[in-house]
Amino acid sequence: MSQLPSADITWRADGSPQSTRFDDIYFSSEDGLAETAHVFLRGNELPDAWTDQTHFTIGELGFGTGLNFLATWALWKETRSQDQHLHFISIEGFPLTRSELSQALEKWPSLAPLAAELVGLYPVPHAGTHLLHLPDNVTLTLCENEALPALSQLEAQVNAWFLDGFSPASNPDMWSEAVLSEIARLSSPGATFATFTAAGAVRRGLAAQGFNVQKVKGFGRKREMLVGHMEAPPTRSRTKPWYQIPPSQNPRSALVVGAGIAGAATAHALKRRGLSVRIFDGDGPGAGASGNPAALFMPRFSVNPTPEDDFHIAAYLYAEREMHRLQEGASAPFFDPRGVLQFARTDAEATRFEKIAARAPLPAGHLEFLAADRLGDVAGFETGFPAFLFPKAGVVDPSRFLSQLIAETEVERLHATSFSNEDDRWRINGLAQETADILVLANGPGLTAFPETDWLPLEPVLGQITNLPVGALPQQRHALVAGPYLISHGDGSALTGATYELGKGDQTAQAPTSIGHQHNLHDLAETFPAFKEALGMLNPEDLSGRVSFRAQVPDRVPFAGPAPMHGPYLSAYDRLRHGDRFADYPPAPVHPGLLLLGALGARGFTTGLLLGELLAAQITGAPLPLPRDLAEAVHPARFIIRGLRKNTV
């Protein structure tokens, strides 16, 4: 991820924007809204085309001012039925700022309520995929990147295309053969398109990709424009066979095992898409690691960008936006964006921090590098090393957050000890009444308790947190982290932790120990010497805390996706042992309707929401909320494929 170039906006006398970079306007000076209705809505036969579609997907090249999106949303709002869902994917390589977007949309007072919703959620321009949830079952997937790399990373079945980039003369890259080929790949059978241009090169290029192309009357003084439909889309896929997602069977119901953040996020995402969902957890919501009294919410990244690194950044940005949105309708606040200070502890870490800051992995306003001599002003003490300030990160109240996510979902206190599939219906513990089209396992360390999943390299980690009494330490404005963390509460008490004990066999409930408290106090004092004297006055025997288990995998990246059949995977892709990437491999052998979400580790409240959205998209056939390489980076089958390539399985 990185910063993006500007479109270099100037404002015309009539208040409409123009890009000096491309020497082109964003919409017709005659009537941009009427132009959108003529070219893109009627050109794609909307709203008739979505009348009988539960999920309808529109793909757009050139988000621009968002006018096409808002006009589409307004029409959708007037004509949709209650159970319909609109997915709008838009590509933009030169995004406007929020203030520019707001100013441009002021020309259309009829769209003001919808524009306010969009502007409120619109992200700071930053390369990547941004998922926005809006009223009326509308989802906007804003891909901020140049057209070809953005399209080549998309996985979707598009029903209608709005080809609205700047003119071919101004921006030829957007109309290249490679771009048009990706449009064809992403088209569903019968997909339509419309574009303002009637350029011969565009007409011939679309026809060469399999579109039936027609010239029709253009808008206003423009004599002609192009419309058409895809008769037989190509069957090629960019996804590697072992990571391919089975076609959606339009499920109506789902069972979710696990009521921590993984299960709650999945249930919330599925409910949003209209599925009937039930959650099963023998101990109730937040009984495991998701039940601590407070949790850190902050990003994670490394010096060198990787797909795994980009996933964590995408998850953080999505969750930060979503928690603010969800909190607006919550009965009690669950997210305190007080900021998080992450301290370097060694010279090597200080160098690493400097390199990360230089590549600006987060949008403006999300990350500030603080030199060592500045910490006294910000934290009230110095450690001799620099720190990161994440001003929009903060602290989550897990109990309240989980309650918000599952407020409309039934939770049954039942331990899932087995499951089966009969007549394409999943059943838990053999109970006839507990059946559904889909089964999601999201039960933390217990996820490998079943024969279908016991091959996963899941590692249980025991962690103990320690409550510090009122007045034990000075109240901290920000949450602090540098290995151990410190979260101050409003009453003057605080929370620190956590111990890290890998591979504990007994995962039954355990009481905190004085040894664990002593470990936490020692780590905190060594990391923050300013607290050493005060911490030395505390008796570990007098302190309270909590013990829980979280789950991780060796590569420290969570997984979400269809459940692989371990044996058939080994057989189907055995040639990978010999480095053969080009054999005629079959589609991924997975358990139909069984999906997994796990190994969230200590970052569940940062990654869980986006992973839940990823599963929901895979289940319903909606556009994936992540670029393909990021979705593959979190696929559960990666452990099998990695083992085959290394010949270790």
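Observations, loosely collected:
- With the convex hull of the Cα atoms taken as the outline of the range 1-133, the averaged projected area works out to 8.2 nm².
- Size-normalised alpha-carbon gyration radius of the range 479-636, reference 2.2 N^0.38 Å: 1.45
- Rolling a 1.4 Å probe across the protein heavy atoms gives the chain an accessible surface of 40 Å² per residue.
- Packing-based ranking of 343-356, 51-64 yields 51-64, 343-356, ordered from highest to lowest mean Cβ neighbour count within 10 Å.
- Charged side chains reduced to their Cβ positions (Lys and Arg at +1, Asp and Glu at -1) give the range 512-644 a dipole of some 360 debye around its Cα centre.
- Compactness of the range 554-622, expressed as Rg and Dmax over alpha-carbon positions, Å: 14.6, 40
- For the range 202-340, radius of gyration divided by Kirkwood radius, i.e. Rg to Rh on alpha-carbons: 1.13
- Nearest 10 degrees, 0 to 90: helix 307-328 Cα axis against the chain principal axis: 90
- Computed in the context of the full set of protein chains, the accessible area of the range 532-636 at 1.4 Å probe radius has 52% of its extent on carbon or sulfur.
- Its Cα gyration tensor gives the range 112-215 an equivalent ellipsoid; the semi-axes, largest first and in whole Å, are 26, 16, 14.
- In the range 530-586, one over the average inverse separation of all distinct C-alpha pairs is 17.3 Å, which is the Kirkwood hydrodynamic radius.
- Positive-end extreme of charge dipole, the range 475-621 - chosen from GLY579, ALA482, LEU596 (charges on Cβ): GLY579
- Normalised alpha carbon radius of gyration of the range 374-494 [divisor 2.2 N^0.38 Å]: 1.61
- Convex hull projection area averaged over all views, the chain, Cα basis, nm²: 30.0
- Proximal lysines to LYS217, defined as alpha-carbon separation beneath 26 angstrom and excluding residues fewer than eight positions away on the same chain: LYS107
- Degrees separating the helix 261-272 axis from the principal Cα axis of the chain, which is the longest one: 30
- Cross-link partners for LYS222 among the aspartates and glutamates, with Cα-Cα distance under 16 Å and sequence neighbours closer than 8 places in the same chain left out: ASP24, GLU30, ASP31, GLU35, ASP164.
- For the peptides 633-641, 582-590, 192-200, residues were scored by their other Cβ atoms within 10 Å and the scores averaged per peptide; the highest-first order is 633-641, 192-200, 582-590.
- Dipole-positive endmost among ALA116, ASN212, PHE162 within the range 93-221 (Cβ charges, Cα centre): ASN212
- Beta bridges assigned by DSSP with both partners in the chain are antiparallel in approximately 60 percent of cases.
- Assigned charges on the beta-carbon of Lys, Arg, Asp, Glu; the chain dipole about Cα centre (debye): 880
- Here's the thing: no lysines lie within a cross-link span of LYS355, going by alpha-carbon distance under 17 Å and ignoring same-chain residues fewer than 8 apart.
- For the range 605-618, the Karplus equation 6.51 cos²θ - 1.76 cosθ + 1.60, evaluated at θ = phi - 60°, returns couplings of 7, 9, 9, x, 5, 5, 5, x, 5, 4, 4, 4, 5, 5 Hz by residue, with Gly and Pro reported as x.
- Length-normalised contact order of the range 589-649 in % [C-alpha pairs under 8 Å, at least 6 apart]: 21
- Globularity ratio of the range 269-335, using Cα Rg and 2.2 N^0.38 Å: 1.41
- Protection proxy ranking for 159-165, 88-94, 484-490, using the average of other Cβ atoms within 10 Å per residue and placing the highest first: 159-165, 88-94, 484-490.
- Rounded to the nearest 20 debye, dipole of the range 253-349 from Cβ charges on Lys, Arg, Asp, Glu: 460
The values are calculated or read from the model by the stated rules, or taken from the named source; none is laboratory data. Bear in mind that the values here come from a model prediction, so they are computed numbers and not experimental data. Because the Cβ atoms are built from the backbone with ideal geometry, glycine has one as well, and the counts that use them run over all protein chains shown. Note: accessible area is taken over every heavy atom of the protein model, side chains too, but ligands, DNA and RNA are not part of it. Shrake-Rupley method; radii C 1.70, N 1.55, O 1.52, S 1.80 Å.
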